[in-house]
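Working notes, beginning with the structure itself.
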Amino acid sequence: MRPYLEKLPLPPDASWSMLNRRLDDAIPFAWHHHPEFELTLTRNSRGQRFVGDHVGNYDDGDLVLIGPNLPHTWASREKIRMTEPHVALVFWFSQQWIEKLSADTKELQPILHLINRAMTGLAFKNEFGLTLAADFEAIYTRPPAQRLLGLIDILLRIADADSAEPLSTTVPRQMDGSRLRLDRVLQHLHQHYHQQVHLEELADIAALSVSGLHRMFRNHTQSNVSGYLIGLRIGEACSRLSSTNQPIQYIAEEVGYISLANFNRQFRKLRGMSPRQYRAAFHG
């Protein structure tokens, strides 16, 4: 299994990192975090996006800015054009670097405001992501100084976007030695949230007592395990309600609810409306 903490080396000629990732088979579920901000544009791919306690569908042109140490991954379901690969165009930059650059330059103040909003993750409209696709691609062909100017231009345009959807409801606190334990628990929850989850099993995964698990989980996520699990389940239900015609009872069962009444009650508590009303807002 790959490391949960991803370490991103800087190239010798640049202050930030980038990756042009092209995968023929699939974008695999690889739950991880890192201390850098991450800006990712995903092309020719559909699937699920996981950021903190957010679960949602993604499509061609998915554009997301993720804050430091916020766990995340994408997991593809299908390609859009079968003869071409899944593509993830990724830029990483440190919080200290981007804050210093923006704070000392008045023209870049919008970037400072943008990254402050991105601590929980921000998703932008697919149409907007597609308008930036050529600029993302061009950066990989430029010399270092031109790459930097290209990144700044993209961040300024994103900062000026008229809509951005916050993703996670939790923000990670300062990292410490217990982070690897927590990541093992989070990975298990994100992969098995639709099944029955036992605290004793999670405690074993973390190599802690149940009470130790509770303390660690709340310290890092500002939530308890059951609240986090409900957020994952309701997040996936929202994705299905907005993007499919699956029956509500079927969706409830698929995301882990035996009782439809319990699903309706928890959905209303988190979203302020019934699942039927939520669906109607998208299909009305």
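The values are calculated or read from the model by the stated rules, or taken from the named source; none is laboratory data. Worth saying up front: this structure is predicted, and the values here are computed from it rather than measured. Note: ideal-geometry Cβ built from the backbone for every residue, glycine included; neighbour counts use all protein chains shown.
Brief remarks on what is shown
- Residue in the range 145-158 that is of a type outside the set (Gly, Ala, Ser), buried (at least 19 other Cβ atoms within 10 Å of the Cβ), in contact with a Gly (Cβ under 6 Å, 6 or more places away or on another chain) and closer than 21 Å to LEU8 by Cβ present: no
- Selection count where residues are in a strand (DSSP E or B) and either more than 23 Å from GLU137 (Cβ to Cβ) or not assigned by TED's automatic domain parsing to the domain that holds GLN96 (or both), scope the range 28-45: 2
- There is no residue in the range 134-147 that is assigned to a helix (DSSP H, G or I), within 14 Å of LEU39 (Cα to Cα) and basic (Lys, Arg).
- Test: residue in the range 175-198 that is in a helix (DSSP H, G or I), at pLDDT below 90, of a type in the set (Lys, Arg) and more than 20 Å from SER94 (Cα to Cα): yes
This table checks each residue for (1) without any contact (Cβ under 8 Å) to a residue 40 or more places away in the chain; (2) exposed (fewer than 14 other Cβ atoms within 10 Å of the Cβ).
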site	(1), (2)
ASP162	yes, yes
LEU167	no, no
THR170	no, no
HIS192	yes, no
ALA207	yes, yes
LEU213	yes, no
ILE230	no, no
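- Residue match in the range 216-225 (condition: part of a helix (DSSP H, G or I), surrounded by fewer than 18 Cβ atoms within 10 Å (Cβ to Cβ) and free of Cβ contacts under 8 Å to residues at least 60 places away in the same chain): yes
- Subset of the range 236-256 [closer than 12 Å to TYR278 by Cα and either of a type in the set (Lys, Arg) or touching a residue at least 40 places away in the same chain (Cβ under 8 Å) (or both)]: CYS238, SER239, ARG240, LEU241, SER242, SER243
- In the range 82-136, of all residues being out of contact with any Ser or Thr (no Cβ under 8 Å at 6 or more places or on another chain) and among the basic types (Lys, Arg), the one that is surrounded by the fewest Cβ atoms within 10 Å (Cβ to Cβ) corresponds to LYS106.
Matching residues to (1) more than 15 Å from HIS194 (Cβ to Cβ); (2) modelled with pLDDT under 95; (3) of a type outside the set (Lys, Arg):
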residue	(1), (2), (3)
ASN219	yes, yes, yes
ILE230	no, yes, yes
SER243	yes, yes, yes
ILE248	yes, no, yes
GLU253	no, no, yes
SER259	no, no, yes
LYS269	yes, yes, no
GLY272	yes, yes, yes
TYR278	yes, yes, yes
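- Meeting the requirement of 3 or more residues that are among the aliphatic types (A, V, I, L, M) and closer than 30 Å to HIS214 by Cα, the helices (runs of 4 or more DSSP H) wholly within the range 229-284 are 260-271.
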